[in-house]
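The values are calculated or read from the model by the stated rules, or taken from the named source; none is laboratory data. It should be emphasised that the depicted structure is a prediction, and the values quoted were computed from it without experimental measurement. Cβ atoms come from the backbone with ideal geometry, glycine included; neighbour counts cover every protein chain shown.
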Amino acid sequence: MKIAIVGFGVSGAALLLSLSTSGKLNADTQVDIFDPNNEPAVGLAYGKDSDHLLLNAFPTAMSLNPKNKYDFSQWLSTHYPKYDAKADLVPRQLFGEYASERLSPLLEKENIMHYKKEIVDATVLNNSSSPSYQLEDTDGEQYGTYDYLFFALGNPPYKDFYELKGHDNYIHHPYPVVEKLKDIERDAKVAIIGSNLTAFDLVNYLSHEANLEQPIGIFTVLPYFNSLRVPPYQGSALHYSLDKSWIEEEIHKNKGVLPLDGIIDAITYDLKTNNINIEAIHTHYGPGNLEETYHAYVKEEHPELSKLQGYIALLSGYLGDLYMSLSKKDQLRYHLDYAPLFGHYQVQLAPDAVANMYQLWKQDHLFVVPDLIDIDKENSFVLKSQSGQTYEADVVINASGFEFNPDHIEDYNPLLKNLLDKGFLLDKDKKGILVTWPECQVINQRFGQLDNCFFIGPWVSNTHYANNNVKALVEKANEIVTNFMMI
């Protein structure tokens, strides 16, 4: 049996570990891994970089081991006891160090080979019930044939809202920051586009390491910030209704779909049973500007928000099942009416990063423009706001989120570009890659569903909804390996 894993970031690492813990990685199974990165299992997100880049999840939610959800936190306690492994948001590169340590013993096995090659093409070799696959790298060398093929290709490219790619002093992809931002001059006027987690990374790094003389500008189209991550909920077990059995029962009752109203009713019941007053929480912690966001958290305990975040953590484990059970109409209604509210509490900011940004703002070392509409490139960058103000910048750094439309891949990922062009892969409504649910099997233009070819990671988040965290990726990798690999 021959297996290929293309990509060796978190998703690829999770697949290899799941093969090992499931018992399917026996002496008769050859696994070939393809990734040009010298750091196995970390990808850009967790590679060697600045300690000022923090995880936005607690270590207890970051295990790569599907059999031990506390594997990372236990490793952290042993290797870095200065951190609270239950409650600290630690530097991201520590997770990369942990991942490399966990994967290195597997890579020493005779039946596992890590090719530091970039794969640019894949071919289905036959149209049988179990097709095989051949891969090709940038030098034209071919590999295969493979009985199982996994694509684990990491994050999509960053969006280029203002068509700045190619311009001098525009940094489109800012990681690793110690490399991408090292040449910024001290007297440069720096503008960051976006107010998401990446923007906080950039401000944290620049304010501590770059010693800039000019205030940093944050330019965004969203006039508010997400909620902050507070210490984990430590109370009694929360009541939670929406598990897989509840989902299946409701789908059966409603002729194959799960009504959004039924989900809302169940969540409302759970919140009431758990004494979580969402209205009161939203009044205090709802979307606000930087000052409002900071003052909602400073010098306070947050037991109610902690309980809500604990409930959201339970709900997050079933988001894919819930989302894929909705009708198209209810999916649209969810995105319009509920996704912004849910996202505000699910995507959580590191309190230290917010406090740092607030102090910079108070000291006039940072300013926020919440109504950016356009950017012109002349001798320098000119950023224009809806209110009619203009701002000059010498350097613009992109933090505007990922571009999931495969039409905009360009040269970012030659493999995806080739596979989409020839129909090996299909896109899903211009929002990522089309796969089956829950198996994440590839849909091919010629052969239909490929039962032994899988795609995992953020590119399939329009099917595997809200899968952009380690826990979700590890759980899905283990589910695929355990339940859908017929070996």
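When region 377-414 is examined, which residues are found to be part of a strand (DSSP E or B), closer than 22 Å to D187 by Cβ and of a type outside the set (K, R)? Spell out how you get there, then give the answer.
Just the residues of region 377-414 that are part of a strand (DSSP E or B), to begin with: 377, 381-385, 390-393, 395-398, 402.
With closer than 22 Å to D187 by Cβ added as a condition, the list becomes 377, 381-383, 390-393, 395-398.
Within region 377-414, F381, V382, L383, T390, Y391, E392, A393, V395, V396, I397, N398 qualify.
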Starting from region 44-61, take each residue that is touching a residue at least 12 places away in the same chain (Cβ under 8 Å) and list its partners that are in a loop (DSSP other than H, G, I, E, B) and aromatic (F, W, Y), counting only C-beta distances under 7 angstrom and pairs at least six apart or across chains. L44/Y175; D49/Y175; T60/Y70
With the first residue restricted to region 368-390 and required to be over 26 Å from Y294 (Cα atoms) and touching a residue at least 24 places away in the same chain (Cβ under 8 Å), and the second required to be among the basic types (K, R) and in a strand (DSSP E or B), Cβ contacts under 6 Å at 6 or more apart or on different chains are D374/K384
What is the residue count in region 438-451 for residues that are of a type outside the set (D, E, K, R) and closer than 17 Å to S11 by Cα? 4
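Does A57 satisfy the condition of being at pLDDT below 95, touching a helix residue (DSSP H, G or I) at 6+ places or on another chain (Cβ under 8 Å) and not polar (S, T, N, Q)?
Values: at pLDDT below 95: yes; touching a helix residue (DSSP H, G or I) at 6+ places or on another chain (Cβ under 8 Å): yes; not polar (S, T, N, Q): yes.
It is true that A57 is at pLDDT below 95, touching a helix residue (DSSP H, G or I) at 6+ places or on another chain (Cβ under 8 Å) and not polar (S, T, N, Q).
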Residues of region 253-282 satisfying the condition of being among the small types (G, A, S) and over 16 Å from E304 (Cα atoms): G256, G262, A266
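Name every residue in region 416-431 that is more than 19 Å from S325 (Cα to Cα) and under 20 Å from the mean Cα position of the chain (by Cα), in order of residue number. Break it down stepwise before answering.
The initial filter retains those residues of region 416-431 that are more than 19 Å from S325 (Cα to Cα), namely 416-427, 430.
If the condition is that a residue be more than 19 Å from S325 (Cα to Cα) and under 20 Å from the mean Cα position of the chain (by Cα), then L416, D427, K430 are the ones that fit.
Answer with yes or no whether G286 is of a type outside the set (F, W, Y), at positive phi and surrounded by fewer than 17 Cβ atoms within 10 Å (Cβ to Cβ). Before the answer, list the steps.
Values: of a type outside the set (F, W, Y): yes; at positive phi: no; surrounded by fewer than 17 Cβ atoms within 10 Å (Cβ to Cβ): yes.
It is false that G286 is of a type outside the set (F, W, Y), at positive phi and surrounded by fewer than 17 Cβ atoms within 10 Å (Cβ to Cβ).
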Count - residues of region 50-64 that are in a helix (DSSP H, G or I) and either surrounded by fewer than 22 Cβ atoms within 10 Å (Cβ to Cβ) or basic (K, R) (or both): 2
Would region 65-81 turn up any residue that is surrounded by 20 or more Cβ atoms within 10 Å (Cβ to Cβ), in contact (Cβ under 8 Å) with a residue 40 or more places away in the chain and either in a loop (DSSP other than H, G, I, E, B) or not acidic (D, E) (or both)? yes
Please verify whether D28 is within 24 Å of Q348 (Cα to Cα), of a type in the set (D, E) and assigned to a loop (DSSP other than H, G, I, E, B), treating the condition exactly as stated. no
Answer from G96, G154 - the residue that is of a type outside the set (S, T, Y) and at positive phi: G154
Of the candidates D421, D411, D429, D407, the one satisfying the condition of being at positive phi, free of Cβ contacts under 8 Å to residues at least 60 places away in the same chain and of a type in the set (D, E) is D429
Looking at D160, D187, can you tell me which residue is part of a loop (DSSP other than H, G, I, E, B) and either within 29 Å of F8 (Cα to Cα) or touching a residue at least 40 places away in the same chain (Cβ under 8 Å) (or both)? D160
Filtered residues of region 210-231 (kept if outside any loop (DSSP other than H, G, I, E, B) and hydrophobic (A, V, I, L, M, F, W, C)): I216, I218, F219, F225, L228
